[in-house]
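Down below is the structure, laid out as structure tokens.
Bear in mind these aren't lab numbers, they're just calculated from the coordinates by the rules spelled out. These numbers come from a predicted model, not from an experiment. Neighbour counts are summed over all protein chains in view; Cβ atoms, including those assigned to glycine, are modelled from backbone coordinates with ideal geometry.
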Amino acid sequence: MSRAALSVLGVALGVALVVALAIAADVRAEPGATPAQPAAVPMQPAAPASAPVADTMAQRMQACVVCHGPEGRATNTGYFPRIAGKPAGYLYEQLQNFRNGRRRNAAMAHLLQHLSDDYLREIARHFATLDLPYPPARPHGLTPEQQALAETLVRQGAPERGIPACTACHGSRMAGRLPAMPGLLTLPADYLLGQLGAWRNGVRRAAEPDCMAHVARALTPEEVAAVSRWLSAQTLPGGTAPDPAGATGEPLPMACGSGLR
């Protein structure tokens, strides 16, 4: 026989065997017996329905607190800055700066690129209203000479070099000044170093006239390091708020586009 004929014969014999086995099984079954049923699969209990997520600003801002800490209160031991309690005008301006490229951070630019000015204001107001504890003071590691240098620059500045006291713009307690000057105490030292360095090198820009660019370029690297470490090591009591606008009765010591929002 040919190979093709053998193949056909093999298929036919296989079919005949299957039919014969089926008939034999039917013959062995007792008359009236119920055919065997497949075993029942136990039902698994339905998973409980998840609770609906509340549509609040706190819930929407979960992407922010991944870096900026719970409720925006990052500590002085990391890198990312605390944003809770900062003046709304300051936060709004920084959100605009990231979105529009005056400040460079790929993650921030990506998060903000499609957000409207109105929504940026809403975000700023949310974090500005949070009154949360500050982290405790910590050792700054400065020598007595470095500490004296930092405190002099913070409280008196260096007027002969065109450097105002930090307190003249950032508030008498360095907790900020309304409408748009941020508090600086407890910010991470590495963050402060990075921002002052960015201003010195033109990487960070603000609304003109850019007063912080002027100040940062007038400071020496040693002064930048001492001030950053001193500011980071301080703390503030709970409930400390930014100074009201005009609290001292004195105008800002220099023209500054950032302080007017």
TODO: Check off (1) over 22 Å from Gly78 (Cα atoms); (2) among the hydroxyl-bearing types (Ser, Thr, Tyr); (3) surrounded by fewer than 20 Cβ atoms within 10 Å (Cβ to Cβ) for Tyr191 and give me the number that stays unchecked.
DONE: (1)
Task: Options Tyr134, Tyr119: the member that is buried (at least 20 other Cβ atoms within 10 Å of the Cβ) and among the hydroxyl-bearing types (Ser, Thr, Tyr) - done: Tyr134
- [ ] Hey, can you tell me all the residues within the stretch 185-217 that are over 20 Å from the mean Cα position of the chain (by Cα) and in contact (Cβ under 8 Å) with a residue 60 or more places away in the chain?
- [x] Val203, Arg205, Ala206, Ala207
Task: Selected residue (only one of His140, His126 is under 16 Å from Tyr90 (Cα atoms) and of a type outside the set (Phe, Trp, Tyr)) - done: His126
Open item on the list: Please count how many residues of the stretch 200-225 are under 19 Å from Pro87 (Cβ atoms), out of contact with any strand residue (DSSP E or B) (no Cβ under 8 Å at 6 or more places or on another chain) and assigned to a helix (DSSP H, G or I).
Closed with: 2
Open item on the list: From the list Pro164, Pro182, exactly one residue is touching a residue at least 60 places away in the same chain (Cβ under 8 Å) and under 23 Å from the mean Cα position of the chain (by Cα). Which is it?
Closed with: Pro182
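Kindly provide the set of residues from the stretch 92-131 that are touching a residue at least 60 places away in the same chain (Cβ under 8 Å) and more than 17 Å from the chain's Cα centre (by Cα), ordered by number.
Within the stretch 92-131, Arg102, Asp131 qualify.
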TODO: Among the candidates Ser232, Ser172, Ser228, single out the residue that is loosely packed, with under 15 Cβ neighbours inside 10 Å and either part of a loop (DSSP other than H, G, I, E, B) or under 23 Å from the mean Cα position of the chain (by Cα) (or both).
DONE: Ser172
- [ ] Output yes when any residue across the stretch 79-87 is surrounded by fewer than 19 Cβ atoms within 10 Å (Cβ to Cβ) and within 30 Å of Ala226 (Cα to Cα), and no when none is.
- [x] yes
